[in-house]
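In what follows, a single structure is set out as structure tokens and then discussed.
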Amino acid sequence: MASSVARRLVACPFNISEARRRHLVETVATAALSTSDGGKWEETTVLNIFNDFEYNRSVITIVATIDSIREAVLSASQKACELIDMHTHTGVHPCMGAVDLIPIYPLGEEVGVEDCAREARAVAQGLTERVRGSSAFLFGWADSPSQRGLAQRRKEMGWFKKTPDLLAIRPDFGPQPQKRYGLTGVGASPYVMNCNVTIDTQDIRIGRSVAMAIRESTPGGIPGLQVLALPHEGAVEIACNVESVTDPPPGHLTDQPWPSFSVDGQPYFHASASLITTRVAELAG
């Protein structure tokens, strides 16, 4: 029984637009584990809380069974929306929502990406029903039938702009986005890793040049990489979302091992942290 439960796990790196009030972040994390009557959700845990003060952004990694993830995430979302007001948010990292990002990833062979997509759609709907005035867009496998990626959907929503035009946004769930809660991205895909590399410069132009060179959309870039260059603690951080790809990487990138895993019998590959770090160092000089 225990091994069966373990194989039906999913992960949600739950991104909120707050890091400077640690007690608030911890309260949101506790909400992911707590039922409305003061009990605890079964088969649910918070593996890690990552705070970035300058970005004013935290990632709460929730792991649960596929049957438990929805209520855990919705409970955390309700608490985050109660405590975080986007009217007063400041930070150099792009964001649009008090709860900015809810990705759901399968862990192991017993859960498929479509299972995660179903839960993601239910989370998006549940969030906008429980928190009146909140709005959500879908990405990845949850964005049926288009399955547009997170970077594309963020671009469509104006996420990369300093002051997005909320009146121009058409969310998939909820009303026109309001400044109080903003807009939440909810989706599903094979696991996406993060790899952030600091370069010793304050010149953001150098960082942007490096980011452009390694991102997937650039000829000769690294497959699966979505990249931003951001000022961070007196230097520049190359912030990478490392998406998984189904095709083996090109020959010029196979001098370092590409970790792999399988979902629903489909093998996936992703660039290693060492490959990304090496390429960034070479380009940054």
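The values are calculated or read from the model by the stated rules, or taken from the named source; none is laboratory data. Model, not experiment: these values are computed from the prediction. Here the Cβ is made from the backbone with ideal geometry for all residues, glycine too, and neighbour counts use every protein chain on show.
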* Take the stretch 226-285 and flag every residue that is in contact (Cβ under 8 Å) with a residue 60 or more places away in the chain, farther than 25 Å from residue 208 by Cα and hydroxyl-bearing (Ser, Thr, Tyr). => 262, 268
* If only one of 32, 19 is out of contact with any Pro (no Cβ under 9 Å at 6 or more places or on another chain) and in a loop (DSSP other than H, G, I, E, B), which one is it? -> 19
* Scope the stretch 7-24; condition buried (at least 21 other Cβ atoms within 10 Å of the Cβ) and in contact with an Asp or Glu (Cβ under 6 Å, 6 or more places away or on another chain); matching residues -> 15, 17, 19
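Of all residues being of a type in the set (Asp, Glu) and more than 25 Å from residue 94 (Cβ to Cβ) in the stretch 25-48, which is surrounded by the fewest Cβ atoms within 10 Å (Cβ to Cβ)? Just the residue, please. Walk me through it before giving the result.
Start the filter on the stretch 25-48 by keeping residues that are of a type in the set (Asp, Glu), which leaves 26, 37, 42-43.
With more than 25 Å from residue 94 (Cβ to Cβ) added as a condition, the list becomes 37, 42-43.
Values: 37: 5, 42: 11, 43: 16.
The residue in question is 37.
Here is a list: 180, 148. Which entry is over 13 Å from residue 227 (Cα atoms), assigned to a loop (DSSP other than H, G, I, E, B), at pLDDT 95 or above and in contact with a His (Cβ under 7 Å, 6 or more places away or on another chain)?
Unique residue meeting the criteria: 180.
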* To do: Could you list, in sequence order, all residues of the stretch 135-152 that are of a type in the set (Ser, Thr, Tyr) and either crowded, with 21+ Cβ neighbours inside 10 Å or in contact (Cβ under 8 Å) with a residue 40 or more places away in the chain (or both)?
  => 135
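So which of 180, 215 ends up being of a type in the set (D, E, K, R), within 30 Å of residue 85 (Cα to Cα) and either surrounded by 14 or more Cβ atoms within 10 Å (Cβ to Cβ) or not assigned by TED's automatic domain parsing to the domain that holds residue 134 (or both)?
180
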* Residue check: is residue 36 more than 19 Å from the chain's Cα centre (by Cα) and polar (S, T, N, Q)? -> yes
* Asked: What single numbered condition from (1) over 22 Å from residue 55 (Cα atoms); (2) out of contact with any Asp or Glu (no Cβ under 8 Å at 6 or more places or on another chain) fails to hold for residue 270?
  -> (2)
* Structure fact -> Scanning the stretch 91-128 residue by residue, the ones that are among the hydroxyl-bearing types (Ser, Thr, Tyr) and within 22 Å of residue 241 (Cα to Cα) total 1
* Structure fact -> Reported set for the stretch 69-94 where residues are part of a loop (DSSP other than H, G, I, E, B) and surrounded by fewer than 21 Cβ atoms within 10 Å (Cβ to Cβ) is 85, 89, 90, 91, 92, 93, 94
